[in-house]
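The block underneath contains the structure these notes are about, expressed in structure tokens.
The values are calculated or read from the model by the stated rules, or taken from the named source; none is laboratory data. Predicted, not measured: the structure shown is a model, and the values here were computed from it. Every residue, glycine as well, gets a Cβ built from its backbone with ideal geometry; the counts of neighbours run over all protein chains shown.
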Amino acid sequence: MSVLDSILYALCATGALAGYFYLAPPFSSVVIGLCATFAVWTLFAADNSGKIVLRLGGLSWTMEDFVRGWLITGRTGSGKTQSAINAITFQIFQNVKNWGGICLDQKGLYWEILVRMAAHFGRNGDLILLQTRPPGEDMLWRPPHTINITANPDVPASTYAKVIVDTAVSLTGGRGGNPFFPTKAQLAIQTAFEILRHMEAYTTIPNIHRLLLVEEDSNAAIETLMNKGDQHSHELVTAFRSYLDQPPEQLGGVQGTISTYLDFFLNPEIAEVFCANEPTFSVSEIDTGKIVCLAMPQKFQSERLYINTILKLSYYFHALSRFDKSAEERERDNLLILFADEGQEIITGAESAFADHRAAGVIREARATIVLATQAYTSIHGALDKRYADVLMLNLSNELIFTVANQDSAVIASKNIGEREVVEKSWGWAAGKRSYNYQRKIKPFFEAYQLRKLPKFTAIIRHCEKPFRKRLVPPILPDGTYPKWFTYFRPDYAALQWLRQRFCPRQPVTHP
């Protein structure tokens, strides 16, 4: 029996006693009968609280509702991270046993929250912190965990090559330029991936760089393939020689493009963590409850974008690979979550087989989901064609709308929240008498200007199955308490926090 059911049972018993002593028949019998009925109901009614994985703003989500995707929008400083992402992460830690996932952000700060939150729930060992050398550490420092972000042999070489090139083009400002050299570079990188895999060598980006740009490595690879003598080796040699036999000026341009695209991973601090020959962690381990986050200095902003994009791709591929299991095995799979703060920065192009708008609507059947936070709807439209951006937003069925950043996004948000029928009354004078006119109109629940004036930490919460609500979503710390500055301005939340800690200590439930 839950705490609320216990309180209701006590109130029913009190009401029955009051009816017996203070009311005369037949009123006493009616009151006693009603109270007894409610008391029996509280004892034997099914307790669905164990099925709830998240409560927010008076709404609750079951596992089936939660995995239908999340979109969190709001201007800078409106409370997306402190209120929404922190609250969701904390309750998932609290209510879902053994969840795993990947947590990405462009600010480079979210790992600090995750480290403290994992420690609060005793899951330090499940947190995989991919950390480059912190400022001030000497050369003897070694990373706690390493990964090879291009190691998955099941991801097509063409997919890795396209992600690398597309991300590099967006970083170097090459969109809309001559596609000749980027296309040639992509084909060369794809060939290099296939060669390294066929040779059973380490498929790291530094190795690809050496294979394509260092003559000695190129000749050694050709010799190894020739010695194998199989048909696939012959095809790879032919493709590789077609790359090397380009006219000198053209080859120089292609190699210069390749060098520009791959240089982001050649820094020793990056390579030792994300391009390890013998990594200590692989993305598939999120099935065992591992939670991945990144800690990188701000000097690696471009590298962070690259790595976030490829890790997101690896998450999608791993989630989709769950469909290769039997239904019984999928039923036992743990919950997987991709947290993407400032997610518009890592949205994949629509032509990719693992594009966000395709993956978002499918992976929920594999008990995996996306929590994407961005400043505005227009940020997503800037990263994707409008057709695909709309599909992505439709597939993220749960939504938190904080203070809207611009007018275009406010109009979209107003339409997403919905409309209602209202009756407008007007009056006038005719022939010396007042007349009234009633007219039915369809109007939005919230006009665009109202959404742009939402107070800080106030959000419109759109549940995938229930009516929306406008609620204050209070900020929380990694241990689940409210910040002191918040309780100073809101003493009601200070009192609520005290009561909750005193009388209702929450225990984690055990969703698989």
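Quick notes
- Within the stretch 64-112, restricting attention to residues that are more than 12 Å from the chain's Cα centre (by Cα) and on the phi > 0 side of the Ramachandran plot, the residue that is surrounded by the most Cβ atoms within 10 Å (Cβ to Cβ) is Gly74.
- Identity of the residue in the stretch 427-449, under 30 Å from Thr403 (Cβ atoms) and in a strand (DSSP E or B), that ends up modelled with the lowest pLDDT: Lys441
- Cβ separations smaller than 6 Å between residues 6+ apart or across chains give the following pairs from the stretch 444-459 residues that are under 20 Å from Ala84 (Cβ atoms) to residues that are in a helix (DSSP H, G or I) and of a type outside the set (A, V, I, L, M, F, W, C): Phe446/Ser414; Phe457/Ser83.
- Per this entry, Cys275 is counted among residues that are at pLDDT 90 or above and more than 28 Å from Glu399 (Cβ to Cβ).
- Taking first residues from the stretch 159-170 that are under 19 Å from Glu194 (Cα atoms) and partners that are part of a helix (DSSP H, G or I) and among the small types (Gly, Ala, Ser), the Cβ contacts under 7 Å between residues at least 6 apart in sequence or on separate chains come to Val165/Ala185.
- For the stretch 198-215, a residue qualifies if it is of a type in the set (D, E, K, R) and either at pLDDT 95 or above or under 40 Å from the mean Cα position of the chain (by Cα) (or both), and the qualifying residues are Glu200, Arg210.
- When the stretch 392-411 is filtered for residues that are surrounded by fewer than 20 Cβ atoms within 10 Å (Cβ to Cβ) and assigned to a helix (DSSP H, G or I), the ones remaining, listed by number, are Leu394, Gln407, Asp408, Val411.
- For the stretch 450-466, filtered to residues that are part of a loop (DSSP other than H, G, I, E, B) and over 23 Å from the mean Cα position of the chain (by Cα), the residue that is nearest to Arg490 (Cα to Cα) is Pro455.
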